[in-house]
Amino acid sequence: MKEFTLIFKIKSLNDFKPSPEQMKERIVWLQNIAESDKLVNKGNTLLPMPESAKTITANGNVKDGPFETTNITSGYMVVKAEHIDEAVEIAKANPIFKIGGSIEVREVLQRH
């Protein structure tokens, strides 16, 4: 079984504060993953406001704020799956898509 990081992205800070109904949907989604024994680490499903971020550039400069300006990384988690297509199917059930968000799925590289 491999591990995959699901990186949650939203388009606007207005989407950063989910309604109680949206939070309930997210909790049910997360419970379903945990019950199927696919949850490795729920990470921080919500990260602090992006304005508090610092970005370090390739030349070592440190800038205030996130690197990305078109999408805001709002959270992440780690799941286990046989292959990336299974991890994508897990991600597809997340309600973030209802608010125009997206999820980036990446395999976690394992050290041997």
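The values are calculated or read from the model by the stated rules, or taken from the named source; none is laboratory data. This one's a predicted model, so the numbers in the text were calculated from it and none came from an experiment. Cβ atoms come from the backbone with ideal geometry, glycine included; neighbour counts cover every protein chain shown.
Regarding residue 88, is this residue surrounded by 13 or more Cβ atoms within 10 Å (Cβ to Cβ), modelled with pLDDT of 90 or more, touching a strand residue (DSSP E or B) at 6+ places or on another chain (Cβ under 7 Å) and in a strand (DSSP E or B)?
no
Is it true that some residue in the stretch 73-80 is part of a loop (DSSP other than H, G, I, E, B), touching a strand residue (DSSP E or B) at 6+ places or on another chain (Cβ under 8 Å) and modelled with pLDDT of 70 or more?
Checked against the condition, which is being part of a loop (DSSP other than H, G, I, E, B), touching a strand residue (DSSP E or B) at 6+ places or on another chain (Cβ under 8 Å) and modelled with pLDDT of 70 or more, the stretch 73-80 yields no hits at all.
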